Structures are given as structure tokens and as C-alpha cells.
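Peer 1: Here's a structure for you.
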Amino acid sequence: MRVLVTGGAGFIGSNLVHALVVGGHEVGVIDDFSTGKMANVHPAVWLRHMDILDPTLPDVVAEFAPEAVVHLAAQTDVTRSIADPSRDRAVNVEGTTAVARAAAAAGVGRMLSASSAAVYGNPESLPIAEDALKNPINPYGSSKLEAEAALAEALAGTTVDFASMRFSNVYGPRQDGHGEGGVVAIFAARLAAGERPVIYGDGRQTRDFIYVGDVVGFIVCALEADSPLAGPMPDGPAYNVSTGHAASVQQVAAYLSAASMVLKQPEFAEARNGDIADSVLDPGKAASALGWSAGQSLDRGLAFTWRWMCANPS
Ligand SMILES: NC(=O)c1ccc[n+]([C@@H]2O[C@H](COP(=O)([O-])OP(=O)(O)OC[C@H]3O[C@@H](n4cnc5c(N)ncnc54)[C@H](O)[C@@H]3O)[C@@H](O)[C@H]2O)c1
């Protein structure tokens, strides 16, 4: 398959691109390197260094002529989304529309677009299913929710099959601490520097941490699915991509400390305003529609991540 990956130089994108190349697919990458790194880009890919908002995007997508598009490029920093909500919205909403229109014009068969657990905000109950109330609590979450609608609008009446992927907190090799879900990368970097991880609040807040290899597995499964993704299921063409298991931030610090053998007790700092107490996404729809489920346990995933960091110091 010819697969175009926007944001292919970033954390999730570069892991996906490596897996696709190794799997024998022809892969194109579009990335503006705002957070992505050239060192992440597999040498075998067709690469264009550009902003997805560039008006020449349709020509560039047509030049690669993909059969499928995986749209991961985004402004992913919650703090930056608060400081500059209009840039966040431009990249995440208008950028998704631009990629979707370019994909449709190029005759793409399927488009997968990254969304986020941030669309739900503070949940009413756990685990959160796709049709739960959406009440984002920051501009990043709002732009991701709007991007889902923009994707559906841009592709309505076209032959492109599409889905939005609501990732929970993704961690693993090639992550750095800047974006969403960066707590693992931040803790690991502090341990590597011989420093204590800093936990905001009491550390009992929980998240649904998913290993990036499992996210890549979901995307490959969705790309290869025989039946359309955008079926009449709960909440339209949106899938939670998650483990369904809660882990506390304290547990992450303890597992990383064990994996690294850097036995540093975490330091506690005042809880940050607006932090969600608990978030776990129900991955049942992905299991029933695609037969996919996350396989990596948190302790092993964190051990892999630590080993990768040690072998690839930045
Ligand atoms: N990492 C997580 O835990 C997580 C959780 C939920 C959702 N997501 C979503 O998954 C996707 C990938 O996230 P990530 O963690 O790999 O982030 P990342 O920042 O590592 O990757 C994003 C990539 O997009 C590129 N990019 C940004 N703006 C661009 C633009 N205007 N034009 C072209 N390229 C641009 C960046 O250079 C980078 O390579 C994003 O859409 C993000 O919102 C991530």
C-alpha cells in the first residue's frame, strides 16, 4: 500500500513509518519539523518538508498518489494551545480540513486522523465510551473535537472511508516531553539525569497509558480492515485507541524507577489547575469492529522505553 503520513517525523508518526516500511509499504511523509526530528525519519521514505496549511498541499499529495493517509500532524502542546489558541485551531482544525480535501482530490481510499482523549474533558463515568459527553477543558481538546467534525464535513459525499482515532496517553521510544502524554518521557529524562521525577499533586491521578507499538498496531489494523471504518456505530467514525486500564502517575514513576534501577523517590509539587483526576477510555469498539486490542503491559512497555532511551541518548 502507498501510505502518506502527516507528522511522520514526530513521536507516533515515526514509529508508524518504521513499522510500515518494515512491513513492505511505500511511505510518504509530510512534516514541518516544528516538533518532529529529521533523525526520526526513515531513510526509505518519500519526504516533503512543509506545513499542512501550505496552499500547495493538494499538488504535493497528488504527486505521491497515496492509497491511504494517516493524519498525525498537529499542534500537540496543551500549554501552547492556551497561549496561542488561534494557531492551535489553524493547525488542528483547518489543517485537518486541508489534508482531508487533498486526500479526497487525490483519490485516497481511506483516511485515519488522530484525535485525543482530550475531547472528553472531565468524564462523568469511567471507562469513557465513544458516545460519552464531550466537554474539552482546554483549546487543544476543543480543536481536536472540531477537527473530527471538520474531517467528516470535508469527506462527506466522497468515496474516502475515514475514522478519527482518540488516543489515550501514548508513551514509548522517540517521545520527548513537550506534547500530550509526555509524563513518561519527562520522568525518564529526569531519571537518566540522576534527578527525582516531579509529581504534581498526590500522584494518585490515573491515566490510560498505551504503548506506542499498540497504537501503531491499531493503525495498521485499521488501514488493512476489509469493512468500512465509518459505519453506523456509536459516535460515528470515532474509535478510542486505549488499553481500558487505569494506572496512576505514582505507579508510572515506580515502574520506571524499577526498570532503570535509578532508585529515586519522586518529589511532589502542588497540583496543577485543570488537571483531570482520572481518565480511562473504553477500547471495546475497536475490539468488536476491528478485532484489535492493546497487548503491552505497562511495566514491560516502560522497560522497553527506558532501554530505547539508554541506547539512543539525545
Ligand atoms: N502522544 C500522545 O499521547 C497523544 C495523545 C492523544 C493524541 N495525540 C495525537 O497524535 C498525533 C501525533 O502526536 P505525537 O505525540 O506524535 O506528537 P508530535 O509533536 O511528536 O508529532 C506531531 C508531528 O506533526 C508535525 N507538525 C506539527 N504541525 C505541523 C504542520 N502545521 N504541518 C506539518 N507538520 C506538522 C510535527 O513536526 C511533528 O513531527 C497528534 O495529532 C496528537 O494530537 C497524541
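The values are calculated or read from the model by the stated rules, or taken from the named source; none is laboratory data. Everything quoted here is computed from the prediction, not taken from an experiment. Cβ sites come from the backbone with ideal geometry, for glycine too, and all protein chains shown count toward neighbours.
Peer 1: Return the only residue of ASN135, ASN169 being near the ligand (Cβ under 8 Å from one of its atoms) and either in contact with a Cys (Cβ under 6 Å, 6 or more places away or on another chain) or polar (S, T, N, Q) (or both).
Peer 2: ASN169
Peer 1: Can I ask one more? Go through ASP88, ASP54 for me and flag whichever is part of a helix (DSSP H, G or I) and either farther than 30 Å from ASN273 by Cβ or under 19 Å from the mean Cα position of the chain (by Cα) (or both).
Peer 2: ASP88
Peer 1: Could you identify the single residue in LEU47, LEU20, LEU53 that is assigned by TED's automatic domain parsing to the domain that holds GLY109, modelled with pLDDT of 95 or more and either within 7 Å of the ligand (Cβ to nearest atom) or of a type in the set (D, E, K, R) (or both)?
Peer 2: Answer to the selection: LEU53.
Peer 1: Let me ask you something else. Here are some residues: GLU130, GLU153. Which one is of a type in the set (Asp, Glu) and either in a strand (DSSP E or B) or touching a residue at least 60 places away in the same chain (Cβ under 8 Å) (or both)?
Peer 2: Result: GLU130 is the single residue among GLU130, GLU153 that is of a type in the set (Asp, Glu) and either in a strand (DSSP E or B) or touching a residue at least 60 places away in the same chain (Cβ under 8 Å) (or both).
Peer 1: In region 164-213, what count of residues is obtained for those that are of a type in the set (D, E, K, R), crowded, with 21+ Cβ neighbours inside 10 Å and not in a loop (DSSP other than H, G, I, E, B)?
Peer 2: Qualifying residue count, region 164-213: 2.
Peer 1: Being modelled with pLDDT of 95 or more, within 29 Å of ASN273 (Cβ to Cβ), of a type in the set (A, V, I, L, M, F, W, C) and part of a loop (DSSP other than H, G, I, E, B) is the requirement here; does ALA74 meet it?
Peer 2: Here the answer is yes, as ALA74 does meet what is asked.
Peer 1: Please determine, by comparing only the residues of region 59-86 that are buried (at least 17 other Cβ atoms within 10 Å of the Cβ) and farther than 20 Å from PHE33 by Cβ, which one is nearest to the ligand (Cβ to nearest atom).
Peer 2: VAL78
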